[in-house]
1. Within segment 150-183, track down each residue that is in a helix (DSSP H, G or I) and under 15 Å from Ile122 (Cα atoms).
2. Restricted to segment 162-199, and to residues that are within 30 Å of Lys247 (Cα to Cα) and either surrounded by fewer than 12 Cβ atoms within 10 Å (Cβ to Cβ) or of a type outside the set (Gly, Ala, Ser) (or both), which residue is nearest to the chain's Cα centre (by Cα)?
3. Please tell me if Asp271 is in contact with a Gly (Cβ under 6 Å, 6 or more places away or on another chain) and within 16 Å of ligand 3 (Cβ to nearest atom).
4. For segment 4-105, which helices (runs of 4 or more DSSP H) that fit wholly inside it have 1 or more residues that are farther than 27 Å from Ser198 by Cβ and modelled with pLDDT under 90?
5. Working only within segment 200-234, note down all residues that are in contact (Cβ under 8 Å) with a residue 60 or more places away in the chain, surrounded by fewer than 17 Cβ atoms within 10 Å (Cβ to Cβ) and closer than 30 Å to Leu276 by Cβ.
6. Out of segment 313-335, which residues are within 13 Å of ligand 1 (Cβ to nearest atom) and of a type in the set (A, V, I, L, M)?
7. Of the residues in segment 44-80, how many are within 24 Å of Val94 (Cβ to Cβ) and more than 43 Å from the chain's Cα centre (by Cα)?
Amino acid sequence: METSKPIIYFVEKGLYKARLNHLTALAEKSNFLKVNKNYSNQVTHVLAQDCTKLQVLQFLKKVKKLKPDELSWENQKFVNISWFTSCMKEKELVPVLETHLLKDEDENIGVPSKKLKLEEKIPMYACQRSSPLNHKNKIFTDALEVLEEHALYRGDQNADARSLAFRRGSSTLKSLKHKISHINDLKNLPHIDIGGSSKPGHCKRVIIDILANGHSTEVEEVTSNEFYQTMKLFCGIFGVGPQTARKWFYDLKLRTLDDVKNCSSISLNRDQSYGLEYYEDLNSPLPLLDAKRIENHIREVATSIQEGIEVILVGGFRRGKQVGHDIDLLITHPEDGKEKILHKILDKLKDEFVYTDKKAGTTENPYHAAKVTATSQSTTDHFEKCYGIFKVDKTDKAAGENHKRTWTARRVDLIVVPYSQFPFAVLGWTGSKHFEREIRRYSKSEKQIVLTSHGMYTLEGKQNIPASSEKEIFELLGLEYQDPEDRNC
Ligand code: CTP
Ligand code: MN
Ligand code: MN
């Protein structure tokens, strides 16, 4: 019976040692395959990754120093590792299909897609590409974004740069019109196939792992880790960031929300107390319909205060998201009418806000007000604003866990903006965060223009450049216009 099992051999060419060991261990654990660590003529299946049959034979001859008579390749199947991973997935032998067989040299699999790549050269900056909400490579971008998040949670020396590298890789994939299905598809992709190096970068390794095994071992290790899970839980509390969460995890050994509530050695600030109290509400997905209701409600209140006030929904919902984590509303007013608008709105809505955190604006030199750094995760501006928690009436009885309340607590951001800065504020608050980071980096590096949510000016001479719409800002920057729906990078 033993002899009827296929005997496989993995061609070391192009495989990392760790991967080779991993595959060998999988094969050894299976009860329907035997694995030979060396090539011999007993081998029935020669398994290789991204090689042609000819390349494998050359490798065996040259590197393994096999003589022609030691090769019994006419009786052997030369197959791609994808066949092996299919067997592992099905937990049994699957037939070797035409698509599994290694190609001969003359039909080199790399060639057709290489040609394709030349035609569609992908720009370096995310703001030069169109990134729709629904794209074809979610399996890869989800994985890379876990690693992005994990880098921020760890917060060690190069955390910002590391997390940004993962985001840039994932953002490239979001702009692709096709699904990545082969390592060759990664050729020349910005921030993934990093030129000149023979060793693939971290993003590429993760993608290759998913291509080969259907999942990334590294990502699975991260997500099953207590540190990652606890950090995710704690960072979900409004007002808690990675630094605080790390202190709770490492120094105070806290693991649950109850641990936090019962810990006598921490004093929560106002944000955090409310964040903890309404944890469930604030972490339940906020549907677009609720956002629209609140938008309309706040618009009614705001426009009753002064003529000419306009309210628009920005953030993720403007980019076409159907669910979000908060409601971002820009309130714009005529230049001469900035008298206590936010104060008046909040006063009229005081029974509906559970919590408000008002930030005073600064008006002097607005163009220079916003600080931008290449790696910073946020782009701060100097508008008068309010980060709040709002009572949103429940529309159906099923919503929310808290049966006593007739409302759900939701995060609402209100930002007050004068007309003249409105296009810049809309652009700055529509996001995504990565889009904002990229359009500012592009402006500065490629056009020597500083772009903020207040305006833009030339780096040299600090000359203000006015614009009256988002489209005009793109045009002035020499960028193809991207609809908000295409800024989901
Ligand atoms: N933003 C900003 N200054 C802040 C907070 C946010 O300029 N202090 C901008 C960011 O560029 C971000 C956008 O406003 O892209 C919306 O921020 P946020 O609500 O955090 O993210 P969303 O993209 O709306 O995602 P979500 O659906 O999770 O709310
Ligand atoms: Mn938002
Ligand atoms: Mn927000």
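1. Matches in segment 150-183: Arg168, Gly169, Ser170, Ser171, Thr172, Leu173, Lys174.
2. If we take residues in segment 162-199 being within 30 Å of Lys247 (Cα to Cα) and either surrounded by fewer than 12 Cβ atoms within 10 Å (Cβ to Cβ) or of a type outside the set (Gly, Ala, Ser) (or both), then Arg167 is nearest to the chain's Cα centre (by Cα).
3. yes
4. Correct list: 81-90.
5. Hits for segment 200-234 are Thr223, Phe227, Lys232.
6. Once the filter is applied, which keeps residues that are within 13 Å of ligand 1 (Cβ to nearest atom) and of a type in the set (A, V, I, L, M), segment 313-335 yields Leu313, Val314, Val323, Ile327, Leu329, Leu330.
7. 5
Residue-wise test of (1) modelled with pLDDT of 95 or more; (2) in contact with a helix residue (DSSP H, G or I) (Cβ under 7 Å, 6 or more places away or on another chain); (3) not hydrophobic (A, V, I, L, M, F, W, C).
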position	(1), (2), (3)
Ile305	no, yes, no
Asp336	no, no, yes
Asp351	yes, no, yes
Tyr355	yes, yes, yes
Ala360	no, no, no
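The values are calculated or read from the model by the stated rules, or taken from the named source; none is laboratory data. Because the structure is a prediction, the values reported are computed rather than measured. Glycine gets a Cβ as well: all are built from the backbone with ideal geometry, and neighbour counts include every protein chain shown.
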